[in-house]
Amino acid sequence: MPKSHVFVMVTLVTVILPNLSLAVIIGVILAALIFAWGNAKRIRARKSIDEDGVKHYEIYGPLFFGSIMTFNEKFDVLEDPKEVIIDFAESRVVDMSVIEAFNKLAERYSKTGKKVHLKHLSTDFLLLLKKVEEIIDVNVMENPIFSIAVNKVS
């Protein structure tokens with residue numbers, strides 16, 4: 001168990017709170033926040049430019065309210081070429097706060113005359129984007145549809 005979790009639980013239970021149930025509830029909330037903070041730092045982006053001059057960002061790690069600032073720091077809007085593709089094949093969008101992050105990122109690129117394409121978003125998140133398309137202006141590339149190969153034995 002991480003030392004931070006042990007410290008939180010022991011401190012709350014034995015020192016601060018005489019009520020054990022309240023100590024457990026607060027301990028669980030603090031442990032969840034510590035976990036979220038740790039995951040927020042795990043966002044990574046691999047960058048490359050293809051032969052057509054398009055810059056690709058491959059995002060790794062979960063995107064949620066805690067990781068948005070780190071996510072936004074991965075992009076160099078002023079130095080990027082006219083077309084950028086952000087690939088989420090190795091990332092998952094966890095909550096609604098990412099919609100606003102996508103919107104702000106698209107605005108930043110749009111102000112410099114550049115186009116952003118999102119690739120490999122989950123089906124659930126694509127449905128969410130459809131619901132809020134009045135407020136978000138992001139170009140989502142068509143995602144490939146993968147099927148399961150089946151061998152038929154005669």
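Take Glu58 and decide whether it is under 20 Å from Lys119 (Cβ atoms) and more than 15 Å from the chain's Cα centre (by Cα).
Here the answer is no, as Glu58 does not meet what is asked.
Consider Asp76 against the criteria (1) part of a loop (DSSP other than H, G, I, E, B); (2) in contact with a helix residue (DSSP H, G or I) (Cβ under 9 Å, 6 or more places away or on another chain): it satisfies all of them except one. Which criterion is unmet?
Unmet for Asp76, out of (1) part of a loop (DSSP other than H, G, I, E, B); (2) in contact with a helix residue (DSSP H, G or I) (Cβ under 9 Å, 6 or more places away or on another chain): (2).
Considering only residues that are in a strand (DSSP E or B) and of a type in the set (D, E, K, R), look in region 82-111 and name the one that is farthest from Asp124 (Cα to Cα).
The selected residue is Glu83.
How many residues are surrounded by fewer than 17 Cβ atoms within 10 Å (Cβ to Cβ), closer than 16 Å to Pro81 by Cβ and either touching a helix residue (DSSP H, G or I) at 6+ places or on another chain (Cβ under 8 Å) or touching a residue at least 60 places away in the same chain (Cβ under 8 Å) (or both) when one looks only at region 94-125?
Residues flagged as surrounded by fewer than 17 Cβ atoms within 10 Å (Cβ to Cβ), closer than 16 Å to Pro81 by Cβ and either touching a helix residue (DSSP H, G or I) at 6+ places or on another chain (Cβ under 8 Å) or touching a residue at least 60 places away in the same chain (Cβ under 8 Å) (or both) within region 94-125 amount to 1.
With respect to Lys130, is the statement that it is surrounded by fewer than 15 Cβ atoms within 10 Å (Cβ to Cβ), at pLDDT 80 or above and assigned to a helix (DSSP H, G or I) true?
So Lys130 does not fit the description; no.
One line per residue, one yes/no per condition, for (1) part of a loop (DSSP other than H, G, I, E, B); (2) surrounded by fewer than 18 Cβ atoms within 10 Å (Cβ to Cβ); (3) touching a Gly at 6+ places or on another chain (Cβ under 8 Å):
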position: Phe35; (1), (2), (3): no, yes, no
position: Gly38; (1), (2), (3): no, yes, no
position: Lys47; (1), (2), (3): no, yes, no
position: Gly53; (1), (2), (3): yes, yes, no
position: Asp80; (1), (2), (3): yes, no, no
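The values are calculated or read from the model by the stated rules, or taken from the named source; none is laboratory data. Keep in mind that this is a model prediction, so the values were computed, not measured. Methodologically, a virtual Cβ is constructed for each residue, glycine included, from the backbone with ideal geometry; neighbour enumeration extends over all protein chains shown.
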